[in-house]
Amino acid sequence: MNKNSLLSMRDLTKEDIMNILNDALLFDDCYRDWQLPLKKALVANLFFEASTRTHYSFESAELQLGCKVADVQTSVSSITKGETLYDTIRTLEEHGYDAFVIRHSEDEYYKQLEGVKVPILNAGDGKGDHPTQCLLDLLTMYQEFGTLEGLNVVICGDIAHSRVAASNKTALELLGSTVRFSGPKFWEREGYPIIDFDEAIKDADVVMMLRIQRERGAKLEAMSDSEYLETYGLSKARYARMKKNAIVMHPAPFNRNVEIDTDLVEAEKSRIFKQMANGVLVRKAVLKRAFGFAPFEVK
Ligand code: CP
């Protein structure tokens with residue numbers, strides 16, 4: 001596997017993470033117009049699962065960096081004729097693509113791609129990891145608090161099916177923050193003990209809500225959407241009990257009035273749309289890294 005691939009947050013050191021976040025910040029400052037100084041940078045995006053944010057923020061990042069982009073139509077590719085993922089990616093590699101961005105429903109799909117020589121950027125694998133989402137989450141927290149050490153983060157909702165919860169647990173614990181989990185007991189995951197949301201919210205710096213992943217089989221056991229909001233969601237009453245400087249995050253897409261009251265999506269403490277803007281900055285930083293460029297020097 002190419003050493004500049006980004007597959008899981010487990011593969012990154014503290015220094016790697018901070019280098020990516022610093023590059024992302026500089027892409028929003030003195031390196032706004034920076035482009036890859038390469039004659040050829042062909043990137044193929046392959047999304048085998050639905051996506052708006054990850055797909056199109058990667059595409060925006062690629063275009064801003066001067067890459068040429070192929071948006072591979074996976075539903076009409078030869079995968080539908082039985083070709084393996086490995087054979088598809090190896091074929092595209094022979095066609096001259098220099099990097100791949102891949103989202104796939106299978107956990108650790110990238111283990112099938114050991115023989116691929118160009119970098120692979122994981123845009124989400126099943127319930128496994130979502131490293132660029134995690135990095136944009138970290139960037140949002142870092143902008144807010146100026147540190148990623150000593151933060152109290154509570155992640156609430158469908159923990160069982162969430163690659164976002166998994167990536168954030170790995171990274172935030174590495175960086176010295178505390179991560180706790182809340183939500184229905186039937187979505188508890190081994191190693192992610194569920195605690196009471198009302199307790200957790202009182203001293204949380206970050207309240208990160210998660211979507212119910214119905215596409216992965218998550219079901220609300222005999223509970224209406226409004227009952228879910230009242231019991232496990234971010235209601236107005238819970239929002240009012242958050243700490244003064246605490247923030248609300250959500251990887252999105254969000255289900256209004258299910259995991260979050262619709263009026264809170266753009267409330268004062270919400271950083272949900274800020275996260276989306278940060279998605280482009282972080283993806284520019286990981287693409288730059290994938291093409292082998294060292295972290296920026298501050299001008
Ligand atoms: N947060 C996230 O991954 O959103 P998309 O599914 O729209 O990419």
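Side notes on the structure shown:
- Qualifying position, being crowded, with 19+ Cβ neighbours inside 10 Å and under 16 Å from the mean Cα position of the chain (by Cα), among 24, 41, 99: 24
- Single residue of region 224-257 satisfying the filter (within 16 Å of the ligand (Cβ to nearest atom) and at negative phi) that is surrounded by the most Cβ atoms within 10 Å (Cβ to Cβ): 251
- Residue match in region 144-162 (condition: under 15 Å from the mean Cα position of the chain (by Cα), more than 13 Å from the ligand (Cβ to nearest atom) and at pLDDT 95 or above): yes
- Across region 1-31, the number of residues qualifying as of a type in the set (Lys, Arg) and in contact with a Ser or Thr (Cβ under 7 Å, 6 or more places away or on another chain) comes to 1.
- Selected residue (only one of 252, 222, 277 is in a loop (DSSP other than H, G, I, E, B), small (Gly, Ala, Ser) and without any contact (Cβ under 8 Å) to a residue 60 or more places away in the chain): 222
- Residue, farthest from the chain's Cα centre (by Cα), within region 165-210, restricted to residues that are under 25 Å from residue 123 (Cβ atoms), surrounded by fewer than 24 Cβ atoms within 10 Å (Cβ to Cβ) and of a type in the set (Val, Ile, Thr): 179
- Scanning region 270-294 for residues that are more than 15 Å from the ligand (Cβ to nearest atom) and surrounded by fewer than 18 Cβ atoms within 10 Å (Cβ to Cβ) gives 292, 293, 294.
- Strands (runs of 3 or more DSSP E) fully within region 37-131 counting 1 or more residues that are within 16 Å of the ligand (Cβ to nearest atom) and among the charged types (D, E, K, R): 68-72, 99-104, 120-125
- The residues listed here are 86, 110; of these, the one that is in contact (Cβ under 8 Å) with a residue 12 or more places away in the chain, in contact with a Ser or Thr (Cβ under 9 Å, 6 or more places away or on another chain) and hydroxyl-bearing (Ser, Thr, Tyr) is 110.
- Remark: pairs (first residue in region 190-205, assigned to a loop (DSSP other than H, G, I, E, B); second residue of a type in the set (S, T, N, Q) and surrounded by 13 or more Cβ atoms within 10 Å (Cβ to Cβ); Cβ separation under 9 Å; 6+ apart in sequence or on different chains) = 195/182; 196/182; 203/152; 204/152; 205/152; 205/177.
- Of all the numbered requirements in (1) part of a helix (DSSP H, G or I); (2) β-branched (Val, Ile, Thr); (3) in contact (Cβ under 8 Å) with a residue 60 or more places away in the chain, residue 298 misses one, and that requirement is (1).
- Residue within region 54-74 that is among the aromatic types (Phe, Trp, Tyr), over 14 Å from residue 280 (Cβ atoms) and surrounded by 18 or more Cβ atoms within 10 Å (Cβ to Cβ) present: no
- Selected residue (criterion: nearest to residue 218 (Cα to Cα)) from residues of region 258-269 that are away from the ligand (no atom under 15 Å from the Cβ) and free of Cβ contacts under 8 Å to residues at least 24 places away in the same chain: 262
The values are calculated or read from the model by the stated rules, or taken from the named source; none is laboratory data. Please read these numbers as outputs of a predicted model, since none were measured by experiment. A quick note on method: Cβ atoms are made from the backbone with ideal geometry, for glycine too, and the neighbour counts reach across all protein chains shown.
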